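These notes concern the structure reproduced below.
What follows draws every value from the coordinates through simple rules; no lab data is involved. The structure presented is a predicted model; accordingly, all values stated were derived computationally and were not measured.
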Amino acid sequence: MHRIEVRLKSHLPDPSGRGLVKDIQDLGISSVEEARVVDVYWLDANLAPEKLELICSSLLADGVTQDYRYSKNGKMNNGDKDFKVVEVAYNAGVTDPVKDSVMKAIKDLGIPMFTPYPLPGDIFSRAKSARANWRRFRRACSSIRSFNT
């Protein structure tokens with residue numbers, strides 16, 4: 001699992017951060033004076049460092065206005081001790097259009113984005129058994145339905 005953070009370069013003003021500060025102050029919280037918005041991407045794949053670098057530099061970050069950093073284990077040190085970090089994410093099951101676009105662009109770069117998951121044992125015989133059990137269940141349900149009607 002790779003965590004990638006993309007942010008505006010520190011010398012540039014952050015209009016999204018300013019808007020966020022205004023929204024927070026509109027809620028009656030006056031202690032927040034500055035905010036910086038960071039886009040966070042999680043990639044669950046075995047990627048070579050050069051492939052990860054290519055994804056970051058050519059897809060996720062604009063080299064003129066943005067910096068990026070990444071880590072393999074998802075842990076990053078917050079370099080600025082004066083800032084507190086609040087992460088906001090989509091709820092499970094909510095469509096993420098940015099994810100779809102990024103995954104398509106990574107595929108267009110020719111980088112495979114899958115992680116093989118080895119499964120122990122003979123999964124094919126277990127699948128056959130599960131199908132047989134499902135067929136028996138469906139037959140039992142249909143006989144119950146015909147009995148009740």
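Quick notes on this one:
- Converting phi to 3J(HN,Hα) with the Karplus coefficients 6.51, -1.76 and 1.60 and the offset θ = phi - 60°, segment 94-104 yields 7, 5, 10, x, 5, 4, 4, 5, 5, 5, 5 Hz in sequence order, with x at every glycine or proline.
- Amide H within-cut-off set for ASN46, under 5 Å, with H built and near neighbours excluded: none
- Convex hull of Cα atoms in segment 2-108, direction-averaged projection (nm²): 8.3 nm²
- Karplus (6.51, -1.76, 1.60) ³J(HN,Hα), θ = phi - 60°, over segment 42-50, in Hz, Gly and Pro reported as x: 10, 10, 9, 7, 7, 10, 5, x, 5
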